[in-house]
Ligand code: NAP
Ligand code: ZN
């Protein structure tokens, strides 16, 4: 049994998004049905609707920063009830029994998680559709409880931009006094600045956009460095314990690794479509660590939401109706985002 839901989809790679009807299942006993109120716009949505990451399934309904109101729950659901505000992030199911699933790293489920869109359910047949739609049906285990007190539009981006930056900051032990450099001030970057600041770090914003300096400081950066300026990299050599790299296009990893102190770590979270090059000496000299990080598991995402609520942190958002989505993509590609577009699904 299924029903039709209004959505917006890219019909083919690189085509503009347009209205489209999708089908959602009726909630089963473990499911919750969520009326989507807000959905954040992640740069991963752009990479995927443009087919930049390889195989992609069309028509594609993007969106994995989903926040909404529970309208129906199955008989075995205990965590959520009708009327609650719930979140859905980048995946909607996993096997639940493999080693990563048992360790709360469902995103690395060995048979393969069901990602929120551009993926299939665990039956490997039913295409998944994301949050640029009015409603979603998700197993309770893969939903998040959104704590009271957060502005709903501003909380939606926590489901991807929030957890993607919180997780490596925790993993690499960001704490009082850690010298953190955040590279790229977009959706992920601005959450990294806020969260690292709340963890007590000494935060430097590394941006190619001079116009973002005042914002960076307001968001919680203690210093701002313009990477497009001549001599910037030389001046900052050896400065940081930890770099969180959020840039969405290819760039010079060697130059960034030079900014780490001995044994410092750089965590790449941005996913440019083309490969990087790396000089071995950039990591060998100084025993430096070059790492990656992908979103976070359900328990860690809940921990991040509770942390953000306690610290009163959410995204700085520009709320748009879905009809402005193609324009929002064009602006993001020009680094013109302050600092996350969020779709209000109720607005025409
Ligand atoms: P975004 O809002 O578009 O921000 C990206 C930022 O990168 C820009 O605002 C800009 O900051 C910088 N940038 C853009 N073009 C640049 C260029 N030509 N040279 C130097 N810097 C440039 O994107 P986002 O949503 O934060 O996502 C960032 C990346 O993370 C994407 O590749 C996305 O797919 C990826 N991502 C990864 C994960 C994960 O789990 N690892 C999760 C979500 C997203 P400045 O103007 O300050 O330089
Ligand atoms: Zn994302």
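Derivation of every value follows stated rules applied to the coordinates shown; laboratory data play no part. Please read all numbers here as calculations on a predicted model, not as lab measurements. For neighbour counting, all protein chains shown are included, and Cβ atoms are generated from backbone atoms with ideal geometry for every residue, glycine included.
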Would you mind checking the tilt of helix 161-171 against the longest principal axis of the Cα atoms of the chain, expressed as 0 to 90 degrees and rounded to 10? 50 degrees
Among 97-104, 183-190, the order from most to least packed when residues are scored by Cβ within 10 Å on average: 183-190, 97-104
Among DSSP beta bridges lying fully in the chain, give the percent that are antiparallel, nearest 5. 55 percent
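Calculate for the chain the 222 nm mean residue ellipticity that helices alone would give, adding -39,500 (n - 2.57) per DSSP H run of length 4 or more and normalising by residue count, nearest 500 deg cm²/dmol.
-6000 deg cm²/dmol
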Listed residues 236, 37, 169; largest mean-square fluctuation, Gaussian network over the chain with Cα springs below 10 Å, found at 236
Describe numerically, in nm with one decimal, the distance between label points set 7 Å from Cα along Cα→Cβ at residue 23 and at residue 279. 5.7 nm
Applying 1/(1 + (r/R0)^6) with R0 = 45 Å to the Cβ-Cβ distance of residue 306 and residue 235, what FRET efficiency is obtained, to the nearest 0.05? 0.70
Taking the Cα atoms of the chain alone, what are Rg (to one decimal) and Dmax (as a whole number) in Å? 19.7, 62
With the cut-off at 1.5 for a/c, could you classify segment 265-348 from its C-alpha gyration tensor as rounded, prolate or oblate? oblate
For segment 1-147, shape from the Cα gyration tensor axes a ≥ b ≥ c, cut at a/c of 1.5 then a/b versus b/c, turns out oblate
Nearest 5 percent is fine: what portion of the DSSP beta bridges confined to segment 162-292 is antiparallel? 0 percent
Taking alpha-carbon centroids only, segment 271-329 lies from segment 86-149 a number of Å equal to 18 Å
Can you pull the Kirkwood radius for segment 162-292, inverse mean 1/r over Cα pairs, to one decimal in Å? 14.4 Å
If R0 is 22 Å, what FRET efficiency do you get for residue 120 and residue 72 from their C-beta distance, rounded to 0.05? 0.40
